[in-house]
Amino acid sequence: MVLDVRGLTMDFGGLRAVDHVDLQIEQGEIIALIGPNGAGKTTFFNCVTGMYSPTAGSVTIAPPGGEREEITRLRPHLVTARGLARTFQNIRLFPEMTVLENVMIGRDCRLSTGILGAIFRNKKTRDEEEQVVLDSFKMLEIVGIGRWANETARNLPYGAQRRLEIARALATEPFLLLLDEPAAGMNPQETRDLVQLIRKLRAEHHLTIFLIEHDMSLVMTLSERIYVMDYGKLIAVGSPEEVRRNPAVIKAYLGEDVSA
């Protein structure tokens with residue numbers, strides 16, 4: 001498995017936001033984490049990606065072709081360097097920079113140029129900078145927004161801004177892509193296009209996808225397995241059909257009339 005989370009727990013003072021959650025993801029899977037607002041989903045993401053230091057538990061990765069490694073409590077940039085990349089529920093772009101420049105920032109963790117190279121700008125540095133531009137534009141092409149490469153990020157349509165966040169995450173060369181509410185605010189056509197993009201990333205770029213999402217139609221269509229949280233605890237794990245029929249899930253989140 002590429003991600004193995006055991007007993008993950010996160011306390012904020014007297015509040016337990018994540019309560020001894022176990023979660024495993026195999027290479028090439030598309031996995032969803034769902035639950036009502038306040039269930040602890042984003043807190044769980046933040047613990048896995050180093051944004052928070054969990055109170056207890058472990059996070060272990062096993063990159064394809066790499067060594068198994070525990071990354072619990074590593075700082076975010078080190079987690080990213082290990083091959084985990086994420087997007088955020090609230091879009092976090094650099095609005096005054098161009099679309100291409102936003103993606104180029106994502107390449108930083110893969111650069112070898114040191115301080116001296118940056119100061120003296122030797123041939124190796126110049127060659128690497130040129131390659132960053134080419135690689136970043138390739139990421140934009142993959143997510144379908146290459147035509148806006150020189151546009152200011154804030155001027156992009158909302159759906160394209162979501163895709164730009166994904167492109168920036170791809171620029172870090174992840175093996176595991178974590179998407180926090182990727183369809184939030186999208187219209188139905190944009191959501192359908194997003195489903196196709198995620199499938200493409202898995203099929204053509206050999207990525208494993210882990211997403212938080214409230215759009216149940218997207219979750220049920222796209223996911224192979226679903227983890228369900230409520231009040232910080234894991235209450236169900238299974239296929240979309242198993243989760244759909246689980247009484248605890250229906251009571252906590254989906255509602256009696258779900259027909260995704």
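From the helices alone, meaning DSSP H stretches of at least four residues, give me the mean residue ellipticity at 222 nm for the chain, per-run term -39500 (n - 2.57), in deg cm²/dmol to the nearest 500.
That calculation yields -10500 deg cm²/dmol at 222 nm.
Give me the number: length gained by fully extending Thr221 to His20, i.e. 0.36 nm times residue separation minus the C-alpha to C-alpha distance, one decimal in nm.
My answer for the length gained is 69.5 nm.
Picking from His206, Pro247, Leu177, whose Cα lies most toward the positive end of the charge dipole for region 167-260 (charges on Cβ: Lys, Arg +1; Asp, Glu -1)?
Value: His206.
Filter the DSSP H helices in the chain by two things, a Kyte-Doolittle mean of at least -1.0 and an axial alpha-carbon span of 24 angstrom or more, and list the hits by number.
TM-like helix candidates: 123-143.
Springs between alpha-carbon atoms under 10 Å, Gaussian network over the chain: tell me which of Gly66, Gly28, Gly38 tops the mean-square fluctuations.
Judging by the Gaussian network model, the answer is Gly66.
For region 119-260, which semi-axes, largest first and in whole Å, follow from the square roots of 5 times the eigenvalues of its Cα gyration tensor?
36, 17, 13
For the chain, how big is the tail of P(r) above 23 Å, as a whole percent of Cα pairs?
53
Using only the alpha carbon atoms of region 151-214, find the Kirkwood hydrodynamic radius as the inverse mean reciprocal pair distance, in angstroms to one decimal.
With all distinct Cα pairs of region 151-214 included, I get 12.3 Å.
Take Glu69 and Glu151, extend 7 Å from each Cα along the Cα→Cβ direction, and tell me the distance between the two endpoints in nm.
My value for the distance between the label points is 3.7 nm.
Using a Förster distance of 41 angstrom, determine the FRET efficiency expected from the C-beta separation of Glu101 and Gln27, and round it to 0.05.
0.80
Take Glu204 and Glu190, extend 7 Å from each Cα along the Cα→Cβ direction, and tell me the distance between the two endpoints in nm.
Taking the two extended label points, one gets 2.2 nm.
What relative contact order, as a whole-number percentage, does the chain give when Cα pairs under 8 Å and 6 or more residues apart are counted?
With pairs under 8 Å counted, the relative contact order is 25 percent.
Just to confirm my numbers, what's the Cα centroid distance between region 189-204 and region 37-108 in Å?
First find each Cα centre; the distance between them is then 21 Å.
When we measure straight from the Cα of Lys41, which lysines land under 22 angstrom away, once same-chain ones fewer than 8 places off are left out?
Within the straight-line limit of under 22 Å, Lys41 reaches these lysines: Lys233, Lys251.
Taking the Cα of Ile91, stepping 7 Å toward and past its beta carbon, and measuring to each backbone N in region 158-182: which are under 12 Å?
158-166
FYI, it's all coordinate maths here, none of it is from the lab. No experiment lies behind these values; they were computed from the predicted model shown. For neighbour counting, all protein chains shown are included, and Cβ atoms are generated from backbone atoms with ideal geometry for every residue, glycine included.
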